[in-house]
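Q: Let me begin by handing over the structure; questions about it come next.
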């Protein structure tokens, strides 16, 4: 195209020269020379962009050591503009792209030079792409960096560089950052930058940057820069930033298999350009849908939301001031085994990185850090604890954990903390305390544990005293007032109806006369009351509050473990064994006349003694009952197949007459007639479906609960006299693995 335009220009000039000749105009030699010079200059300027483009592309590897592609380069001399299109700068391997853009447009304003000012009236960059790779050898552009001349450049006093840049726009940018040292890849997509004006004498410059980070993350940056005062204010707003790609940066702190969460923020950053590390942050930010798993992909902790309202974070003074820190629905999983616990394993890199002195004390930064949190809130938390160091696993859940702390800080002397939680779905733990960050010995505490079912602690009793816990409720009130020189501690324990099962064959850790001890400690209402006041002087070098309390308490707790059921029926003229438990048959879903008679006796006791509360805890052998359900359902299916017209109401009764080793039934299950009981059970589960069996099992448990609930509701007993529930079948000892309702007597 350019060749065609040049050819036409030469023809046009020649035609005009011929016309002048015909007019008998004889140009002088200098006219011709000037014309030729003008044409040459015109052609050079006209083709200059192509010359430059061709030279740069062909000699790029000699110039910068990298291959370059550039499809178009245009210089507009009238507008004083420069345009480059389809530029690609390759990596050293000449295959992968390092930098590229679709279009670069720069419009200079040369008339500003008369005012001794460098000016650009427009800067536009369309679809730029940059690939940054960091490895142990450094960045992927280090080969392009030249050594800096350290010679000082002096300038006259008062000599200020004057500049003006207007209409700065970056459209559709993309930056890919790969850190090979931690295995992290970050993509910044759809980058949009808009700065109306930057000038040496401008009081402020506004800017706006928007880009997409990851799949759904959004980042919006806006700010004001004051070149004269060298101050800036940047506002950062993010949405749904996935932190998983940055998980590699946490390796020096935790050994986690998965770190997930969505970052969001709306913060303002104020600082000075000459002191880049001294800035102040304020605003809000947090993480949604947090999930951390260990290296075995097992749950460690999670939360639906964890956010902070920041008053100010002053990095120059190391002051951290928060208005609110709130964690919603946190869930922590703690597992203890003979090799240690999962918390220490996950944070092992952090502890390994801590430097210690010869005396073994951790060294600390000399910089003083000050912090304050006006409101610290934990809402609806959960802790799942597992202890695998015993003969069988111990499982314990803390639910509905709520905590609120006000005025927390490094200089605070009175920090109130209120908390509440549900312990293993039965008991409650509530309390309040006042902390002192300057002197931790100044503390007040008032808390209580109420109605905690101790059966869940059976794995510990089986391990330490070789007897299972089968019944009991634990209550504890604690009041503590401690200063640097005095201690006043009141401990009141009430253990109601605690019972243990038969002695196990395993060798106990402690050999104690459990039966005799409980017989002495229990009163006639099967209640153990322990009033344990503790006092001391915290200044005493041998003083340890926990050691004093537990040593004193141990004498009582080791005794308050086991005793036969002291039947409340004796006090009211009833047969003790008739109210101790309500036995059921496997698969039973209705009350017998004997069961109703025993329930009548209990109802009579409740009427006479309004202060008592009867707790009926349902137990069974889950595996055995599920196997019987699967067997029964399989036989019903068999009857339906063999007798399509059988009365539906009679199916269960007909099925119950079929023996397991019936050849036809075995054939129906796909087994031989001599199949073992274990094979028949497995085949029944396969035929019926494990999920179907589980649903029926849970329905049967609910039916039994409703039988007792409906019965006592019909008696119109005082409110709170009866509670019916199903035990935690996970921690159930063998003594309780039978269908029944054990009776637990408590005070309202």
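FYI, it's all coordinate maths here, none of it is from the lab. Note that the structure is a prediction, hence the values are computed from the model and not measured. No Cβ is skipped: glycine too gets one built from the backbone with ideal geometry, and neighbour counts run over all protein chains shown.
Q: Using a 10 Å cut-off around each Cβ, can you sort 315, 376 from fewest to most neighbouring Cβ atoms?
A: Details: 315 16, 376 19.
Fewest to most other Cβ atoms nearby, the residues stand as 315, 376.
Q: Sort 470, 333 so the one with the fewest other Cβ atoms within 10 Å of its own Cβ comes first. Provide the component values of the computation, followed by the final result.
A: Working: 470 26, 333 19.
So the ranking, lowest neighbour count to highest, is 333, 470.
Q: Rounded to the nearest 5, what % of the DSSP beta bridges within region 590-748 are antiparallel ones? Before the final figure, lay out the partial values.
A: Working: 8 of 13 bridges.
Of those bridges, close to 60 percent are antiparallel.
Q: Quick check on region 568-747: take the gyration tensor over C-alpha atoms, sort the square-rooted eigenvalues as a ≥ b ≥ c, and tell me if it's rounded (a/c under 1.5), prolate or oblate. Please report the intermediate quantities before stating the final value.
A: Numbers: a/c = 2.91, a/b = 2.33, b/c = 1.25.
Judged from the Cα gyration tensor, region 568-747 comes out prolate (a/c at least 1.5, a/b above b/c).
Q: Please say if region 208-251 is rounded, prolate or oblate, where rounded means a/c under 1.5 for a ≥ b ≥ c the square roots of the C-alpha gyration tensor eigenvalues, and otherwise the choice is prolate for a/b larger than b/c and oblate otherwise?
A: On the way: a/c = 4.34, a/b = 1.97, b/c = 2.21.
It is oblate, given that a/c is not under 1.5 and a/b is not larger than b/c.
Q: Quick one: which of 395-404, 258-267 comes out on top by average Cβ neighbours within 10 Å, and what's the full order, highest first?
A: Values: 395-404: 15.9, 258-267: 17.9.
For the peptides 395-404, 258-267, the packing ranking is 258-267, 395-404.
Q: Which order, highest average first, do 695-701, 656-662 follow once you tally other Cβ atoms within 10 Å for each residue and take the mean per peptide?
A: Numbers: 695-701: 15.3, 656-662: 13.0.
For the peptides 695-701, 656-662, the packing ranking is 695-701, 656-662.
Q: Can you grab the distance from the C-alpha centre of region 648-682 to the C-alpha centre of region 273-307, Å, no decimals?
A: 58
Q: Arrange the following residues from fewest to most other Cβ atoms within 10 Å of their Cβ: 684, 666. Write down the numbers at each step before the final one.
A: Details: 684 23, 666 19.
Ascending number of Cβ neighbours within 10 Å: 666, 684.
Q: What's the ranking of 424-434, 299-309, 86-96 by average number of surrounding C-beta atoms within 10 Å, highest first? Walk me through the numbers on the way to the answer.
A: Details: 424-434: 16.2, 299-309: 18.9, 86-96: 14.1.
Descending mean neighbour count gives 299-309, 424-434, 86-96.
Q: Provide, for q = 0.16, 0.21, 0.24 Å⁻¹, the log10 of I(q)/I(0) from a solvent-free Debye sum over equal Cα point scatterers in region 44-146.
A: -0.84, -1.13, -1.24
Q: Continuing with the same structure: According to the square roots a ≥ b ≥ c of the eigenvalues of the Cα gyration tensor, what is the shape class of region 275-423, taking rounded for a/c under 1.5, prolate for a/b larger than b/c otherwise, and oblate for the remainder? The partial results should precede the final answer.
A: Numbers: a/c = 1.95, a/b = 1.35, b/c = 1.45.
Oblate, because a/c is 1.5 or more while a/b does not exceed b/c.
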